[in-house]
Amino acid sequence: ETHERMQMWENIQQALVNEQIDQFRAEFLELHPYDQAKIFEEQEEDIRFLIYTYLSPEEMAEVMEHVDRDLVSEFISEMVPAFAAKIFEEMATDDAVDILNELEKNKVASFLTIMEKEASDEIKQLLHYEEKTAGSIMTTEFVVIHHEMTVKEAMRHLRKAAPDAETIYYIYVVDSYKKLVGVISLRDLIIAEGDWIIYDVMNERVVSVPVGEGQEDIAQMMRDYDFLALPVVDFQDHLLGIITVDDIMDVMEEEASDDYSKLAGISDVERFGDT
Ligand code: ATP
Ligand code: MG
């Protein structure tokens, strides 16, 4: 296993050094984006520039989602702006917002102007939410259906929406005012009969998070309820986005390292306070 990995890594490195694009793509794109990101991070500048021409913005977006957040702004800055803007279009909006928040304001503004309108509008909205709140960590790629749809209609919609959704395991249900009125799991949807109406089979007691909720409280809710995702709503219960459990794992890691720094800080004070 590890031998195979090393062999693969070596093949990729060879393909890059020899500028064999087909060879590189064949081996590199086989890997999980996390592994792709770790290989990418190791490269010298000239090889990174090669990779920017070997991969499509869509492929590069997946790599960037997994690159260490402390390194990503440097990489984005060295790219041709139009290429970087395309990467942000292709990325999950929550990751795009997370990365854009690390960049200088004027750079962000220039990316937003060259980006496709639909993508930049969504990103702009998310950039407005305060840091470490539901709004700032949620993503807008979720599956939503109308409560009066039949199960069959819902399945047809799900098939169309699935490729771009962050998760399809929970399908959120709204009424004609776009208010969140229920949720149904994919499991429950596929075992229901095609002519049943969604409001008869959905779960009406849907747990949601207000858009201003702090990320620590959301992490706690996710643990308490054991959901894989939570819907985010405004004060009128309009569905705005979802937070998935992988986002919460990032939050918990962040909180843990914050707590660690605080602890380290306290012991410093004590140590120096004594003398
Ligand atoms: P179960 O645990 O019932 O076997 P499961 O393992 O397939 O179901 P879970 O992820 O455990 O799925 O979700 C359990 C139930 O919670 C599902 O029926 C789903 O519809 C419901 N659910 C999902 N999200 C919410 C939510 N935000 N509020 C209320 N219920 C929800
Ligand atoms: Mg379960």
Count of residues meeting criterion [in contact (Cβ under 8 Å) with a residue 12 or more places away in the chain, surrounded by 15 or more Cβ atoms within 10 Å (Cβ to Cβ) and in a helix (DSSP H, G or I)] in segment 22-37: 8
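Of the residues that sit in segment 189-206 and are without any contact (Cβ under 8 Å) to a residue 40 or more places away in the chain and open to solvent by less than 50 Å² (accessible area, probe 1.4 Å), which one is farthest from ligand 1 (Cβ to nearest atom)?
Let us first name the residues in segment 189-206 that are without any contact (Cβ under 8 Å) to a residue 40 or more places away in the chain, namely 189-191, 200, 203-206.
Checking the rest, the ones that are also open to solvent by less than 50 Å² (accessible area, probe 1.4 Å) come to 189, 206.
Numbers: 189: 9, 206: 4 Å.
Ranking the candidates gives 189 first.
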Flag for residue 184 being of a type outside the set (Ser, Thr, Tyr), more than 13 Å from residue 237 (Cα to Cα) and open to solvent by less than 40 Å² (accessible area, probe 1.4 Å): yes
Filter segment 210-233 down to the residues that are in contact (Cβ under 8 Å) with a residue 24 or more places away in the chain and acidic (Asp, Glu) and list them by number. 213, 216
So which of 173, 209 ends up being hydrophobic (A, V, I, L, M, F, W, C), within 15 Å of residue 94 (Cβ to Cβ), open to solvent by less than 50 Å² (accessible area, probe 1.4 Å) and modelled with pLDDT of 95 or more? 209
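Any chance you could count how many residues in segment 39-59 are in a helix (DSSP H, G or I) and open to solvent by less than 50 Å² (accessible area, probe 1.4 Å)?
11
Name the residue, out of 243, 218, 184, that is touching a Phe, Trp or Tyr at 6+ places or on another chain (Cβ under 9 Å), within 15 Å of ligand 1 (Cβ to nearest atom) and closer than 29 Å to residue 65 by Cα. Step through it out loud before you land on a result.
Details: 243 fails: touching a Phe, Trp or Tyr at 6+ places or on another chain (Cβ under 9 Å); 218 fails: touching a Phe, Trp or Tyr at 6+ places or on another chain (Cβ under 9 Å).
Just one listed residue meets the conditions, 184.
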Name the residues in segment 234-259 that are of a type in the set (Ser, Thr, Tyr) and touching a residue at least 40 places away in the same chain (Cβ under 8 Å), would you? 244
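Being open to solvent by 40 Å² or more (accessible area, probe 1.4 Å), touching a helix residue (DSSP H, G or I) at 6+ places or on another chain (Cβ under 9 Å) and farther than 30 Å from residue 106 by Cα is the requirement here; does residue 62 meet it?
Judged against the criteria, residue 62 is not a match.
The values are calculated or read from the model by the stated rules, or taken from the named source; none is laboratory data. Everything quoted here is computed from the prediction, not taken from an experiment. Positions of Cβ are backbone-derived with ideal geometry, glycine not excepted, and every protein chain shown enters the neighbour counts. Only protein heavy atoms, including side chains, enter the accessible area calculation; ligands, DNA and RNA are left aside. Shrake-Rupley method; radii C 1.70, N 1.55, O 1.52, S 1.80 Å.
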